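The values are calculated or read from the model by the stated rules, or taken from the named source; none is laboratory data. Quick caveat: nothing in here was measured; it's all calculated off a predicted structure. In this analysis, Cβ positions are derived from the backbone assuming ideal geometry, glycine residues included, and neighbour counts consider all displayed protein chains. Heads up: the accessible areas ignore ligands, DNA and RNA and are worked out on the full protein's heavy atoms, side chains in. Shrake-Rupley method; radii C 1.70, N 1.55, O 1.52, S 1.80 Å.
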Amino acid sequence: MLNVHSPLDMHVHLRQGDMLNLVAPYTARDFAAAVVMPNLTPPVTSLAQVLDYRQAILRAVGESFTPLMTLFFRAYSRAELLEARPHIIGVKLYPAGMTTNSEDGPADMDEARATLAIMEELGIPLLVHGEGCGFVMDREALFLPVVEDWARSFPRLRIVLEHVTTRAGVELLDRFDNLFATITLHHLLITLDDVLGGLMRPHLFCKPVAKRPEDRDALRRAALNHPKAFFGSDTAPHPLEAKEASGCAAGIFSAPVALPALAGLFEELGALDRLQAFVSDRACAAYGLTPIPRQVRLERRAWIVPERIGCVTPYLAGQTLAWQVAG
Ligand code: DOR
Ligand code: ZN
């Protein structure tokens, strides 16, 4: 038995419409709160959309779960951000074209600076999909100089490098006090070999793509030890026909297995006592959060992950997990 106090998933895609109603209950079941990404169609670029989306999420899950809302990065005025500030946890920046529904993000990172300066002044964190144009395995590395430049130019702007996948990305955390990172479950478990090394596995395809074993090792060390690295699943459901297609959508639906699989990994690494820090405490410290208290109990009782949840194949489908969320 293992109690986790107010587990937080600091990066989720809850989608819209029927998909929202299907997937959001899994995040709400296991987490006290979650940071909700704004890459909808159309993207969430106004306070009115933030409030509407928040209502839709609460309708799908009930009130015991707190959605922590984000705005999709564009050029915002000071007045817009000031008005939105009480309702958002941060602004998420997607470089144009880097992933699902990111086309409306900035193509030239210099254009972002004016809005970043306002965010710094107003104390609004920047969450960033850290990939630049280039060879797919190098995209995170190519973007790190931009992160460095922003961390140095805007020292009071809190920057979260979302779903960090490389050792170099992790190492950057030690160079800037204002830089943080989320780490997904799947990047702690797989490398590119699992995606492409044998049969091609569309349900393991995501952006950024999983990297090399040494990168995964660095992510594991950070998940266990780094005070500025915390959990963000990047759970990103797509319908089966979008995944098992000649052009496969990027995204792994990990919400149903996130907490149990993390417990299994931390146990295997002899670090179950550090799960609380990774899935809650460090995120609270980074964001200055005080989540509504909620105890989630994990039991060491085996179960088999279903092959299908509605129209979506969950991460680790068909596999046996040692831990499950009680009740
Ligand atoms: O694999 C991904 N899927 N990475 C992202 O950054 C976005 C996400 C999605 O929205 O499907
Ligand atoms: Zn994401």
Check on Thr41, open to solvent by 70 Å² or more (accessible area, probe 1.4 Å), within 18 Å of Ala236 (Cβ to Cβ) and either within 16 Å of ligand 1 (Cβ to nearest atom) or part of a helix (DSSP H, G or I) (or both): yes
Filter pass, Leu47 being under 15 Å from Ser280 (Cβ atoms) and either more than 14 Å from ligand 1 (Cβ to nearest atom) or open to solvent by less than 10 Å² (accessible area, probe 1.4 Å) (or both): no
Residue in the range 252-268 that is in contact with a Pro (Cβ under 9 Å, 6 or more places away or on another chain), surrounded by fewer than 18 Cβ atoms within 10 Å (Cβ to Cβ) and under 29 Å from Thr99 (Cα atoms) present: no
Residues of the range 292-313 classified as open to solvent by less than 30 Å² (accessible area, probe 1.4 Å) and more than 24 Å from Gln276 (Cα to Cα), total: 3
Where a residue in the range 159-179 is within 24 Å of Thr235 (Cβ to Cβ) and its partner, wherever it lies, is of a type in the set (Lys, Arg) and within 16 Å of ligand 2 (Cβ to nearest atom), with Cβ under 8 Å and at least six apart: Glu162/Lys92
Qualifying residue in the range 20-27 (condition: away from ligand 2 (no atom under 15 Å from the Cβ), surrounded by fewer than 18 Cβ atoms within 10 Å (Cβ to Cβ), part of a helix (DSSP H, G or I) and without any contact (Cβ under 8 Å) to a residue 12 or more places away in the chain): no
Residue, nearest to Val305 (Cα to Cα), within the range 218-269, restricted to residues that are among the small types (Gly, Ala, Ser) and out of contact with any helix residue (DSSP H, G or I) (no Cβ under 9 Å at 6 or more places or on another chain): Gly264
From the options Thr100, Thr70, residue that is touching a residue at least 40 places away in the same chain (Cβ under 8 Å), within 16 Å of ligand 2 (Cβ to nearest atom) and open to solvent by 20 Å² or more (accessible area, probe 1.4 Å): Thr100
Condition check for Arg158: away from ligand 2 (no atom under 16 Å from the Cβ) and out of contact with any Lys or Arg (no Cβ under 7 Å at 6 or more places or on another chain): yes
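This table checks each residue for (1) away from ligand 2 (no atom under 15 Å from the Cβ); (2) of a type in the set (Asp, Glu).
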site	(1), (2)
Leu188	yes, no
Leu192	yes, no
Arg201	yes, no
Phe205	no, no
Asp215	yes, yes
Arg221	yes, no
Asn225	yes, no
Lys228	yes, no
Tally, over the range 168-190, of residues that are under 21 Å from Ala151 (Cβ atoms) and of a type in the set (S, T, N, Q): 2
Cβ pairs under 6 Å, 6+ apart, first in the range 108-135 and under 20 Å from Gly97 (Cβ atoms), second loosely packed, with under 13 Cβ neighbours inside 10 Å: Thr115/Ala75
Residue check for Ala277: in a helix (DSSP H, G or I), under 19 Å from the mean Cα position of the chain (by Cα) and not β-branched (Val, Ile, Thr): yes
Residue list for the range 212-233, filter: of a type outside the set (A, V, I, L, M) and open to solvent by less than 10 Å² (accessible area, probe 1.4 Å): Phe230, Phe231, Gly232, Ser233
Neighbours by Cβ (under 7 Å, 6+ apart or cross-chain): first from the range 185-214, over 17 Å from Leu265 (Cβ atoms); second open to solvent by 50 Å² or more (accessible area, probe 1.4 Å) and assigned to a helix (DSSP H, G or I): Arg201/Asp194; Pro208/Arg139; Glu214/Arg167
Flag for Leu58 being aliphatic (A, V, I, L, M), more than 14 Å from Pro256 (Cα to Cα) and either open to solvent by 10 Å² or more (accessible area, probe 1.4 Å) or in contact with a Gly (Cβ under 6 Å, 6 or more places away or on another chain) (or both): yes
